[in-house]
Amino acid sequence: MQSNTSNQTTRVLVPTGALGISFAAPAFARGVESKPDVICVDGGSTDSGPYYLGTGTSKYSRAVTKAEWRELMIARDKAQVPLVIGTCGTCGADASVDWMLSITREIAEELGQTVKVAALYSSQPIERVQGALKAGRVTPLVPAPEVSEESLAECTNIVALAGAEQIGAALDTGADIVLAGRATDTAIVSALSLRRGDHAGAAWHGAKIAECGALCSTDPTSGVILLDIDREGFTVEPMADDANCTPHSVSAHMLYENSDPFILYEPGGHLDVTEAKYVSLDARRVRVTGSQWVPSDRYTVKLEGARIGGYQTTIMAVLRDERYVANAREWTEKLHRFVCREIESRMRLAAEDYDLEFRLIGVDSVLGALETKPSNPAEVGVLGVITASSAEIASEIGKLINPYVLHYPLTRDEELPTFAFPYSPAQSERGALYEFCLNHVMTLDDPMEAFRLEVVEVGHG
Amino acid sequence: MAKVGDTVFKVRSKNAGPFWVTIDIFCGGTDAFETIAGRLTSEDVARLFDQPSQTIKRFEIPDLNVVKFSLPRPVVQGDRFDRDMHGAQWAVLLAEYDLDAR
């Protein structure tokens, strides 16, 4: 790739914060007309929980993903620049990259496009991570779950987060489209700019600002952001008519989903924005300089892993009777004690063999013991959450407690009450419960040693 | 009665990865920023979330009139006992916190 001359900029078009949440078509069209050097979009995150990594599936529907990806593929063909998606299919496991590849193949055939695709795979064989752990090359972050060769063996998926080096390698193939597995949100945006020799601090900082699309502007839902990175800094501009970037909207974005608003760790180093200066160029555009990239001694990639933590069944009843609403806590405590005894005597299960929680919706179901606000609701939803070592046991517990959740009386001397079940069956089988089990980094000698790159041609022709 | 949420423009919280939650207090002006920066301590936040105060990171950003706290999630995201997958409702606990009631 050509190196940056003094007046050259790398122009990155980010259509939206995530593929699947839509973007404004006129704003995107304006972005494409601005002649970007690359179009980048994020395809996932851990934000929706461990289920997606655990199962290797996408949170968003295939139909929506395909419809939006089609728009981006049409734009790429028009602009003749690379189109990059990171963390394909929410979790970025290999299966999700292949899912995205099948969608890409279908669209290319429908549009009559011939497209060179670089697929970057981030899934980690368990044995590789076990070997790295043994060799002392897996380091815990804070806070980290305990990890052992045995616990790693329980993971249904482990991915490593690709950085700019791996995305850069995919771009180096000359691919029209890069389908990346798990990658840092920033790496897909910064990679081309870094390859071209732009200011590294500006490339990473600009990437962090732009990766959520228009969240860094005054109209967060408008989606489309244009980022110009050069040898000294970057400029960011929203593409929607009524959106503006201000020094406040841009700098405030460093707070978002970041535990430290000044430091951002990436493979190969960290970004430090302590000295960054944010200046308005006009009503819409903000110029940022002074961001620093600090390379690290070791090259590490972050690991994410998920495993099955149990199997769940839920059951819900709603209390509307005034007396039961007023005594909901006492009622569920009595009910809990009673059904636990029943479970022990009928199913021979001790308390440590399962978890059963009743959460009071309308009282404290979100904050639990942390709740400080007294409530006086008209009704209370009682959500019973059962977690056990198999789906059969969880379901059996649900069936066992069902009549008591429906009829359990507050006192012995009253007629049996009947509460409201919102549906039949009252219980819902939630299947496997996945949990995140890694918050670690893995040291690599060569950035590509834990990643696999495949180039294929898809579509017409 | 000086609730944090009544003093400032906005309090929001969100996961910062599966193991952390971060709470941003947009004070909206210098006076509110000075009130919050001066009166809301890491110990207050630790007590509110029932976490050890040494695990809490605190940032003051005068340019934005923002005070920010980050803490390890009381339960890991998606754990069987997690009640808020995105950690976005925890902000309410801090917004309703009364600075005078300590």
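Before moving on, here are some points about what is shown:
- Over the protein assembly as shown, the reciprocal of the mean inverse Cα-Cα separation, the Kirkwood hydrodynamic radius, stands at 25.4 Å.
- Point-charge dipole on Cβ atoms (K/R +1, D/E -1) for region A:129-256, about Cα centre, debye to 20: 400
- The loop-placed GluC sites (Glu not before Pro) in region A:1-89, going by DSSP, include none that has at most 12 neighbouring Cβ atoms within 10 Å of its Cβ.
- Arranged from fewest to most other beta-carbon atoms within 10 Å of their beta carbon, A:96, A:48, A:58 become A:48, A:58, A:96.
- Computed from point charges on the beta carbon alone (+1 for Lys and Arg, -1 for Asp and Glu), the dipole magnitude for the protein assembly as shown about its Cα centre is near 260 Debye.
- For region B:4-95, a simple Cβ point-charge model (Lys and Arg +1, Asp and Glu -1, everything else neutral) yields a dipole of about 280 debye relative to the Cα centre.
- Note on B:71-81: average number of Cβ atoms from other chains within 10 Å of each residue's Cβ is 6.
- The order of A:195, A:105, going from fewest to most other C-beta atoms within 10 Å of their C-beta, is A:105, A:195.
- Of all lysines in the structure, the ones whose alpha carbon falls short of 26 Å from that of residue B:14, not counting any fewer than 8 places away in one chain, are A:59, A:208, A:277, A:302, A:373, B:3, B:57, B:68.
- Between residue A:274 and residue A:376, the distance separating the two model label sites (each 7 Å from Cα on the Cα→Cβ line) works out to 5.2 nm.
- Listed residues A:395, A:255, A:308: farthest to the positive end of the dipole of chain A (Cβ charges): A:255
- Difference of contour (0.36 nm per residue) and Cα-Cα distance, residue A:263 to residue A:416: 49.1 nm
- In this structure, the amide hydrogen of residue B:10, modeled 1.01 Å from its nitrogen in the peptide plane, lies closer than 5 angstrom to those of B:26, counting only residues at least 5 positions away or on a different chain.
- Counting other Cβ atoms within 10 Å as a rough exposure proxy, the listed residues A:110, A:165, A:322, A:304 run A:322, A:110, A:165, A:304 from fewest neighbours to most.
- Mean sequence separation of contacting Cα pairs (under 8 Å, at least six apart), scaled by the length of chain A, corresponds to a relative contact order of 20 percent.
- Per residue, chain A reaches -9000 deg cm²/dmol at 222 nm when only DSSP H runs of four or more residues are counted, each adding -39500 (n - 2.57).
- Charge-dipole axis of the protein assembly as shown as Lys and Arg at +1 and Asp and Glu at -1 on Cβ define it, positive-most pick from A:358, B:56, A:108: A:108
- Calculated over region B:4-95: convex hull of Cα atoms, volume per residue (Å³): 81
- Rounded to whole Hz, the Karplus (6.51, -1.76, 1.60) HN-Hα couplings of region B:13-30, x for glycine and proline: 9, 6, 4, 10, x, x, 10, 10, 10, 10, 10, 9, 9, 8, 6, x, x, 5
- Helix-derived mean residue ellipticity, 222 nm - over chain B, DSSP H n ≥ 4, -39500 (n - 2.57), to 500: -6500 deg cm²/dmol
- Phi angles across region B:92-100 convert, under the Karplus curve 6.51 cos²θ - 1.76 cosθ + 1.60 with θ = phi - 60°, into 3J(HN,Hα) values of 4, 4, 6, 4, 8, 6, 9, 5, 7 Hz, Gly and Pro given as x.
- Inter-centroid distance (Cα atoms) of region A:389-461 relative to region A:289-330, Å: 12
- Estimated translational diffusion coefficient (Stokes-Einstein, Kirkwood radius over Cα pairs, 25 °C, 0.890 mPa s) of region A:315-438: 160 µm² per second.
- Charge-dipole axis of the protein assembly as shown as Lys and Arg at +1 and Asp and Glu at -1 on Cβ define it, positive-most pick from A:142, A:381, A:299: A:299
Read the figures in this text as sums done on the coordinates, not as results from a lab. Worth saying up front: this structure is predicted, and the values here are computed from it rather than measured. As a convention, Cβ positions derive from the backbone with ideal geometry for all residues, glycine included, and neighbour counts pool all protein chains shown.
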